[in-house]
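Inspection log for the structure reproduced underneath, given as structure tokens.
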Amino acid sequence: MSDTHFPLSADDDIDDLPRTLRREHAARAAREREASAPEMRATPAPELGDNIDQRYGQEAYAQEELTPTVVQQLDLSFFHMMAFFLKAVLAAIPALILLGAIIWGAGEILQHYFPWLVKMKIVILFPDGA
């Protein structure tokens with residue numbers, strides 16, 4: 001069964017849209033207002049090098065009323081932090097293997113083309129009769 005009350009389009013409600021789409025919607029609305037009343041246009045069209053606030057229009061930021069915040073304390077348990085760092089270590093293992101393979105390959109190439117760069121080589125041998 002399907003829910004017939006589920007909205008299939010965003011209609012005119014932009015509260016559930018991402019910030020980029022809200023900015024684009026606000027900029028489009030500003031352009032439509034300017035087109036309907038061209039004598040009220042206060043500033044010329046911004047260039048590409050202008051600030052992002054000017055490109056998307058000041059109205060987009062005025063609607064959101066952003067509040068500056070500062071994090072003063074982070075309440076995080078030791079076990080959650082420990083679990084996060086263990087996951088980070090496990091996620092770094094493939095990157096370390098790849099980095100080791102790249103460095104080994106670069107060393108082999110350098111040894112092949114510039115053999116005089118090798119000053120010392122450590123060789124580990126195991127006797128056959130042990």
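The values are calculated or read from the model by the stated rules, or taken from the named source; none is laboratory data. Everything numeric in this text was worked out from a predicted model, so none of it was measured. Neighbour counts run over all protein chains shown; Cβ positions are idealised from the backbone, glycine included. These area figures cover heavy atoms from the full protein model, side chains too; ligands, DNA and RNA do not enter into them. Shrake-Rupley method; radii C 1.70, N 1.55, O 1.52, S 1.80 Å.
Figures for the structure shown
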{"item": "Residue within the range 106-115 that is modelled with pLDDT under 85 and either open to solvent by less than 100 Å² (accessible area, probe 1.4 Å) or not in a helix (DSSP H, G or I) (or both) present", "result": "yes"}
{"item": "Contacts under 9 angstrom Cβ, first residue in the range 63-78 being under 21 Å from ARG19 (Cβ atoms), partner at pLDDT below 85, 6 or more apart", "result": "GLN63/ARG22; GLN63/ALA26; GLU64/ARG19; GLU64/ARG22"}
{"item": "Verdict on ILE122 being assigned to a helix (DSSP H, G or I) and hydrophobic (A, V, I, L, M, F, W, C)", "result": "no"}
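Every residue, every condition in (1) surrounded by 10 or more Cβ atoms within 10 Å (Cβ to Cβ); (2) modelled with pLDDT under 80, yes or no:
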| site | (1), (2) |
| --- | --- |
| LEU8 | no, yes |
| LEU17 | yes, yes |
| GLU64 | yes, yes |
| ILE93 | no, no |
